[in-house]
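Here the structure comes first, spelled out in structure tokens, and everything after it is commentary.
The values are calculated or read from the model by the stated rules, or taken from the named source; none is laboratory data. Only a predicted model underlies this, so the values are computations on that prediction, with no experimental measurement involved. A quick note on method: Cβ atoms are made from the backbone with ideal geometry, for glycine too, and the neighbour counts reach across all protein chains shown. Each accessible area value is taken on the protein alone, full model and side chains, heavy atoms only, with ligands, DNA and RNA left out. Shrake-Rupley method; radii C 1.70, N 1.55, O 1.52, S 1.80 Å.
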Amino acid sequence: MKTFIPRVPKAWRALATVPLLGLSLTSGCSQSAPPPPPVRYQVVTNFDHQGSNPTGLVQGRDGNLYGTFESGGPRWEGVVFRVKPDGSEYSIVHDFGTTRRADCDKWPQGVLEGKDGALYGTTRLGGPPAGDEFPLGCGIVFKVNRDGSAYQILHHFSRSADNGNEPWAGLVEDPAGVLYGTTLEGGSNGGGVVFRLNRDGSGFAILHHFQENENDGGRPMAGLLYGGDGVLYGTTDSGGNSTQRNGTVFRINPDGTDYRVLHSFPSVDGDGRTPRAALVEGPDQMVYGTTRDGGRRDGGTVFRMGRDGSRFQVLHRFNGSPEMKADPTGKIEMTLKGVTVMAALESDGGSPMSLVFGKEGLLYGFAENRGKNGAGTVFRIQCDGGGFETLHHFLAVDGDGKDPAGRLAQGSDGAVYGLTINSVTNNCSSLYRLSLLPTPPARTTEQ
């Protein structure tokens, strides 16, 4: 267990309370306020020989955490799993390798709990074979009850022009119970699609065929955000009007109308490129996201923008690939004046991905790699970009995870939960928790 005591920034913003997931969420976007409480990092459990390559995590209304491993189960072809927030009672909800049927669905990409209480998700592979490129199919949309019963394939993706193929992310649901998602490829232009379908699998429709050119994005690798204004927001890994086609942020109505590219990531120093994670909406009605590359030393960025594409701002640039620094506690060997010494990377991380708003209204996220030990970091930042803190450098040693992946989840207990690809000891995933510590009472002066 590691306790992180943050350095107090010069000025924190006032906290306006708004509800989110039954919690008191605070916005850090105006005037001064006390510093946020310190954070405790804790490895909750290591999934010993149970799964790796996490792609999703969410808390159900029953209090359990539900997630997906691309690698897991007896055949290591992926599972939907359930575990309590304290790490106990791990169980497989659905194993994609249990049946050897023609569909051969595997490599799940996350789940959501629908308003009907069932779990819905996608797999990158599955369905009828589609030539040499997709001998195991182009992916599916599935449904399964939380107890593992009634598994059902709702839709098969294909290489036809009126379909998409290879979804790289999960789904979102609107208030009416309609599901929405993206595929990396397919559609009439081959650049991927935005799609929708009903929870019973009916009503499948393509809302947008990406063109992957200077006027449009292409190859979306992230899921969608259903905004508070009833509009869908997303990102693409490529396309846009920059010379290198660095990706875009887009919006589209749920009926497919009013598609717009809100931002094309430019080919200039300091800005981000190649966004690959889902956007989140702040209590200030701004949209927040990350780019895997760009920024400073190509370490990626955190950004925000208005829902109309205005007020775009890079909040933080990760320092990517810095020089090694001699450190007796480091994990990397380096040569200093002809002598081999231990060293650490002077880095706040590289390739940021998932974001989530914490109970106190600050943004939490993880960087897939780099950091002091080269194994990734977890960070926290104000929504105006101030007060950036590296909360944890993954140690890449027994007792800690390495290489965070998937998505962060806000728990009903106020903690933020995440997964790593490895837990070092057994090369399997670990579940970690970031919980707020009580703030010491302010000192008072007797009158």
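Annotations for the structure displayed:
- Residue-normalised accessible area of the chain, given per residue in Å² at a 1.4 Å probe: 41
- Residue-by-residue Karplus 3J(HN,Hα) for the range 125-133, coefficients 6.51, -1.76, 1.60, Hz, glycine and proline x: 10, x, x, x, x, 10, x, 5, 6
- Calculated FRET value between residue 42 and residue 229, using beta carbons and R₀ = 35 Å, to 0.05: 0.40
- By a 1.4 Å probe calculation restricted to protein chains, residue 333 has an accessible surface near 130 Å², given to the nearest 10.
- Carbon plus sulfur fraction of accessible area for the range 28-98, probe 1.4 Å, in percent: 44
- Structure note, pairs 143/402; 84/359; 115/402; 325/359; 106/402; 84/402: Cα-Cα distances above 29 angstrom occur for 143/402; 115/402; 325/359.
- Backbone geometry of the range 340-355 corresponds, through the Karplus equation with coefficients 6.51, -1.76 and 1.60 at θ = phi - 60°, to 3J(HN,Hα) couplings of 7, 10, 7, 9, 9, 7, 7, 8, 8, x, x, 6, x, 10, 5, 10 Hz, x marking Gly and Pro.
- Sulfur and carbon atoms: percent of accessible area, the range 207-353 [1.4 Å]: 43
- Hz values of 3J(HN,Hα) by residue in the range 180-191 - Karplus curve (6.51, -1.76, 1.60), Gly and Pro given as x: 9, x, 9, 10, 5, 10, x, x, 5, 10, x, x
- The residues 388, 265, sorted by heavy-atom accessible surface at 1.4 Å with ligands and nucleic acids left out, run 388, 265 from largest to smallest.
- The value for the range 120-197 of Rg(Cα) / (2.2 N^0.38 Å) is 1.09.
- For the range 161-287: rounded, prolate or oblate by the Cα gyration tensor [a/c cutoff 1.5]: oblate
- Cβ-Cβ FRET estimate between residue 241 and residue 205, R0 fixed at 30 Å, reported to 0.05: 0.60
- Extension reserve of the residue 49-residue 297 stretch, reckoned as 0.36 nm per residue once the Cα distance is removed: 85.7 nm
- Rg of the Cα atoms in the chain, relative to 2.2 N^0.38 Å, amounts to 0.97.
- Net charge, residue 312 excluded, C-beta distance under 12 Å - Lys, Arg +1, Asp, Glu -1: +1
- Rg/Rh (Cα only; Kirkwood hydrodynamic radius) as it applies to the range 347-431: 0.97
- With the simple model of a label 7 Å out from the Cα in the direction of the Cβ, residue 176 to residue 312 spans 3.2 nm.
- Across the range 57-172, Cα-Cα pairs more than 22 Å apart make up 29 percent of the total.
- Percent of Cα pairs exceeding the 20 Å cut-off, where the set is the range 224-295: 29
- Rg/Rh for the range 283-400, where both radii come from Cα atoms and Rh is the Kirkwood radius: 1.06
- A Förster radius of 45 Å, combined with the Cβ-Cβ distance separating residue 161 from residue 326, puts the computed FRET efficiency at roughly 0.20.
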